[in-house]
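Trainee: Take a look at this one; I'll ask things after.
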Amino acid sequence: MRPELEALRRDAVADPTAVDRFVDGHSFPLIDDSTSTFVYRGEADSVRLRHWVYGLAATPAFTRLDGTDLWYVVLDVPRDSRIEYKIEVIRGDHVESIQDPLNPFTARDPFGANSVLQTDGYERPAWTLPDPEARSGTLVAHRSHSPALGRDVDLSLYLPARFRPTSRYPLLIVHDGSDYLDYSSMQVVLDNLIHRLELAEILVAFSNPQDRLVEYADHEPHARYITDELVPWLETEFPLVATAGGRGLMGASFGAAASFAVARRHPEMFGRMLLQSGSFAFSDIGESERGPLFAPIEAMVNEFRADPEPFSERVFVSCGTFESLIYENRSLVPVLQSTGMEIRYVEARDGHNWENWRDRLRDGLSWLFPGPLWMVYE
Amino acid sequence: MSAPGAVTLLGPQRLAPTLPDVVRAAGIDLQSSSCAPMATITAGWQEREDDDRDLVDALLGNTVNLRLYARAADIFERDTELTAAHSERGRRLRDLQSLYELRLGHAMDAVYELAERLDGGQLVDDEIRSALDAVRALDQRLLERSGEVIDEFVEQWRPAERDVVAAHRADVATILAESCGLAIAGGQVPTLLNRIHLLGVADHVAGLPVFAWSAGAMIATERIVVFHDDPPHGRRYARMFEHGLGWFPGVVAMPDARRRLHLDDPLRIGFLARRFAPAVCLGFDDGAHLVSPIDGGNSSSSERRDVIVRRGVLHLSDDGSVDELAA
């Protein structure tokens, strides 16, 4: 137990206001070099911490500080970590899952919002925040019908600031595009990285699935939509470089698997790949525990592991060390390297979430599509 | 090559333009009906060369853009033989840079690894000095070899004597002869530099006051050094690029220094300053400018540094400190 809590335990016996002073006088969670102490205040039968750090108990129980309504739980968390969590408050049969009332840091995702633990060393990168000096690109909405998918598809197209029809731009296609825009601040990131000259001026197509777990699981119609419909249309309508080195695919989780699948089905079409926390399950060394939705991906990854062939030129792979997919991603890297493709692999002390993916964008995008940082001085 | 009149180096102009004030302070009244236009070069903006409305407005509309990028494009379209040779020249220069960067990385690594021997005393200091000399020799070798490539191109292809080039050069000469000064904007360093060379600008600036910012300031000096202390990838060592125009000797111009350099890292700043000495490394951020009154290029470097006006210019010292040049 941290010394502050030890002291509070002693003080609270004689002074009921000691808890108030303790809560008012600290920032939570309490963080030191190697541990983080989560604190909840309130009446409850029990309190649990819900996090998604693979390898730790999923819902460690809080301990009530004797004679108070203060609860705490300690986790070993190293420096430079970022962990999303919720607090589960149990009263009778009712479980309430809430954000940490004592922690102002939150992160949004398609399911709502979580509290965020940031240990020493982690700082939100400045390039993920709006920069008034950066020129803003434009997002253009587009709807079209896809014969391959048999449905209408909605896209957002990012045109960089000062877009010129007479220039030639590389193209990046983003799976789960709306989520990258909403939860990974990707328009801000693109504006900033281009402004900082770290990223080439680029056209980005943010695409969205309908039935994600089907379309993104090595789905032939999805690949056909990307390669036979989307890319040809974009290259007709916009001034694009239109070579493998000027085309990229990216995605996270199933979106990374979808990118991998499309590129494997059409090697030499996409020279740049950005794969974040890919759902690269495999079952060639025993049955996978991932479930039936992963079956098409397992078959694809098994096949690739058995006969690795290059499908791109440069592949950037990232994964959080706190997510279960770290095993699959680490396993994939040497197989990717064996094909002769240029591979860059990055890990971070973070989980399977959109802000982890946001924080890796500078590293990935600037490596795949480097900007004129060294040669331009405006 | 002719020498310009007073040369003013400025910081970036996009967010906090000071060019109009600096031009006015130089005694040029662009508003006067008798004042000739200011010639401008925006070739560093490449295909955006003509997007110069802000610059034109800042100079009260009394400007004429030399359009070097467009002229070069016309040359490259019409003189295919020269275009091929120019491309080959560019390829060789890039190859030289690539080989240089490979060697530079190891040479600078050695400097920093020596610096980590904190308890080395004089013994290590001597080795650091020697290691920096090796880096300086590498820098010098790059300048010489790239100079050879450029000279070979000029000797073999004599661009000034080719019809299309000669016609454009004559236009440029005429415009410059009828201008009150020359303003060189920033942008992409190689493009800006080689367009200025190709169109013979330096032959026609005798006596003209020059105002150059960002990349323009870099190429106005003797040696162009490209730099960034926080790139997303790769080594962070400043690199020699090529000889500049030499209009402002004795200085290494470092635009946007606060953003691009770790000014709070005395080791890096000290090595930077020592590496390029006797030239002084000067940082030019928004609002900074430095005027040299001396023309002709006949003075020594130390004399040329005897500037008459300076504002907001950062001096990077060999002891690792960074101070504003005293007024």
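Bear in mind that the values in this text are calculations on the coordinates, not laboratory data. Small disclaimer: the values here were computed from a predicted structure and weren't measured. All Cβ positions, glycine included, derive from the backbone under ideal geometry; neighbour counts span all protein chains shown.
Trainee: Using a simple spin-label model with points 7 Å from Cα along the Cα→Cβ vector, what separation in nm is obtained for residue B:173 and residue A:23?
Mentor: Roughly 8.5 nm, to one decimal.
Trainee: What length, rounded to one decimal in nm, is gained on full extension from residue A:106 through to residue A:307, with 0.36 nm per residue of separation minus their alpha-carbon distance? Could the numbers behind the result be given before it?
Mentor: Details: separation 201, 0.36 × 201 = 72.36 nm, distance 4.30 nm.
Length difference between fully extended and current span is 68.1 nm.
Trainee: Express the Stokes-Einstein translational diffusion coefficient of the range A:63-125 in µm² s⁻¹, to the nearest whole number, given a Kirkwood radius over alpha-carbon pairs, 37 °C and a viscosity of 0.692 mPa s.
Mentor: Reported coefficient: 242 µm²/s.
Trainee: With each label point set 7 Å from Cα along the Cα-Cβ vector, what nm distance links residue B:119 and residue A:233?
Mentor: Computed distance between label sites residue B:119 and residue A:233 equals 6.9 nm.
Trainee: Across all directions of projection, what mean area in square nanometres is found for the Cα convex hull of the protein assembly as shown?
Mentor: 38.8
Trainee: In chain B, which helices (entire DSSP H runs) extend 18 Å or more along their own long axis, judged by Cα positions, while averaging at least 0.5 on the Kyte-Doolittle scale?
Mentor: B:163-177
Trainee: Considering Cα pairs under 8 angstrom that are at least six residues apart, work out the relative contact order of the range A:271-315 and quote it in whole percent.
Mentor: 57
Trainee: If you take every residue apart from residue B:136 with its C-beta less than 12 Å away from the C-beta of residue B:136, what net charge results, scoring Lys and Arg +1 and Asp and Glu -1?
Mentor: +3
Trainee: Skipping prolines and chain starts, which residues have an amide H placed within reach, meaning under 5 Å, of the one on residue A:240, given they are 5 or more residues away or on another chain?
Mentor: Those qualifying (amide H under 5 Å, at least 5 residues apart or on another chain) are A:169.
Trainee: Placing unit charges on C-beta atoms (Lys and Arg positive, Asp and Glu negative, everything else neutral), compute the dipole magnitude of the range B:110-233 about its Cα centre in debye, rounded to 20.
Mentor: Once rounded to the nearest 20, the dipole reads 500 debye.
Trainee: Counting only residues 5 or more places away or on other chains, whose amide H sits under 5 Å from the amide H of residue A:173 once H atoms are built in the peptide plane?
Mentor: A:205, A:248, A:249, A:250
Trainee: Provide the gained length on full extension for the span residue B:21 to residue B:74, in nm with one decimal, where the gain is 0.36 nm per separating residue minus the Cα-Cα distance.
Mentor: 15.6 nm
Trainee: What does the charge dipole of chain B about its Cα centre add up to, to the nearest 20 debye, if the Cβ of each Lys and Arg holds +1 and the Cβ of each Asp and Glu holds -1?
Mentor: 120
Trainee: What is the range A:1-138's relative contact order, in percent, from Cα pairs under 8 angstrom and six or more apart in sequence? Could you put the intermediate results ahead of the total?
Mentor: Details: 223 pairs, mean separation 29.7, N = 138.
Contact order relative to length: 22 percent.
Trainee: Pick out, from B:165, B:149, B:185, the residue whose Cα sits farthest towards the positive end of the charge dipole of the range B:142-191, with +1 on the Cβ of Lys and Arg and -1 on the Cβ of Asp and Glu.
Mentor: B:185
Trainee: Tell me the mean residue ellipticity at 222 nm calculated for chain A from its helices only (DSSP H runs of n ≥ 4, each -39500 (n - 2.57), averaged over every residue, nearest 500).
Mentor: -7500 deg cm²/dmol
Trainee: Let me know the shape class of chain A, please: from the alpha-carbon gyration tensor, a ≥ b ≥ c as square roots of the eigenvalues, rounded when a/c is under 1.5, otherwise prolate if a/b is greater than b/c, or oblate.
Mentor: Prolate.
Trainee: By how many degrees, between 0 and 90 and to the nearest 10, does the Cα long axis of helix A:295-306 differ from the longest principal axis of chain A?
Mentor: With rounding to tens, the tilt is 70 degrees.
Trainee: In what sequence do B:157, A:127 fall when counting other Cβ within 10 Å, fewest first?
Mentor: Listed from fewest to most nearby Cβ atoms, that is B:157, A:127.
Trainee: Okay, next question. Taking Rh as the Kirkwood radius computed over C-alpha pairs, what is the Stokes-Einstein D of chain B at 4 °C in a medium of viscosity 1.567 mPa s, expressed in µm² per second?
Mentor: Once the numbers are plugged in, D ends up at 63 µm²/s.
Trainee: How many nm is it between the label spots at residue B:53 and residue A:335, if each spot is 7 Å from the Cα in line with the beta carbon?
Mentor: Distance between label points: 5.4 nm.
Trainee: Now a separate question. Using the crude model of +1 on Lys and Arg Cβ and -1 on Asp and Glu Cβ, and no other charge, please compute the dipole size for the range A:274-329 relative to its Cα centre, in debye to 20.
Mentor: Here the size comes out at about 200 debye.
Trainee: If each residue's Cβ is checked for other Cβ atoms within 10 Å, how do A:319, B:35 rank with the fewest at the top? Write out the running numbers ahead of the final one.
Mentor: Values: A:319 29, B:35 14.
So the residues, fewest neighbours to most, are B:35, A:319.
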